[in-house]
1. Would you work out if segment 36-101 is rounded, prolate or oblate? Take a ≥ b ≥ c from the square roots of the eigenvalues of the alpha-carbon gyration tensor; rounded if a/c is under 1.5, else prolate when a/b is larger than b/c, oblate otherwise.
2. Around LYS6, which amide H atoms from residues at least 5 apart in sequence, or from another chain, sit under 5 Å from its own amide H, with H modelled in the peptide plane?
3. Defining a contact as two alpha carbons under 8 Å apart and six or more residues distant in sequence, what relative contact order in percent does segment 70-154 show?
4. Compute the distance from the alpha-carbon center of segment 1-41 to that of segment 58-108, in whole Å.
5. For volume of the Cα convex hull per residue in Å³, one of (1) 178; (2) 100; (3) 125 was computed from the structure I shared and the rest are decoys. Which label?
6. For ALA15, what charge total do you get from the other residues with a beta carbon under 10 Å from its beta carbon, if Lys and Arg give +1 and Asp and Glu give -1?
7. Give a residue-ordered list of calculated ³J(HN,Hα) values for segment 67-76 (Karplus: 6.51 cos²θ - 1.76 cosθ + 1.60, θ = phi - 60°; whole Hz; x for Gly, Pro).
8. Looking at this model, which pairs from LYS6/LYS118; LYS22/LYS63; LYS6/LYS60; LYS82/LYS103; LYS22/LYS60 are more than 23 angstrom apart at the alpha-carbon?
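We did not get these values from a lab; they are worked out from the coordinates using the rules stated. Keep in mind the model is a prediction, meaning the values are calculated, not measured. Cβ sites come from the backbone with ideal geometry, for glycine too, and all protein chains shown count toward neighbours.
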Amino acid sequence: MEIILKQDVQNLGFADDLVKVKDGYARNYLIPNGLAIVATPSNKKQLAETLKQRAFKLEKIRKEAEFLAGKIDGLTLKIVTKASDKGTIFGSVNTIAVANAMKEQHDIEIDRKKVILKEDHIKELGNYTAQIQLHKDIKVSVNLEVVAEEEEKAE
């Protein structure tokens, strides 16, 4: 079944993309949850008009994302957290912590939903890499240095 996505759906597509999915997935999940609509000829026509009107605005957003990507790519964020002597973190480092560290250390505000960690939650001290999806086709990498609070005081 062909559908038009109304919102970004991870591992499927972005808002206003025309995608083919299995009928059950569309009817039982995407459409009832308001994530997509059926791609009828009239909906496709409306989508084409909407995309045409939005092209100029999207180009501006893309240029802003490229500028931000130039500032962010390759940055190292130091995340200080409580940890045991063995290097295990009390709690975990997640996308919220990464977004907050970006704001505090570099004064760049990033939506936590745009931060992608290879592991869902980081549970040990060490160095990690996170991806930040700034735009449909613009992803940048950020290095994460997770350290214990005691080490931070000693330095």
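1. It comes out oblate by the Cα gyration axes.
2. ASP16, ALA36, ILE37
3. Computed value for segment 70-154: 38 percent relative contact order.
4. 31
5. (3)
6. Net charge around ALA15: -1.
7. Karplus values, whole Hz, x for Gly and Pro: 5, 5, 4, x, 6, 8, 3, x, 5, 10.
8. With Cα atoms farther than 23 Å apart: LYS6/LYS118; LYS22/LYS63; LYS22/LYS60.
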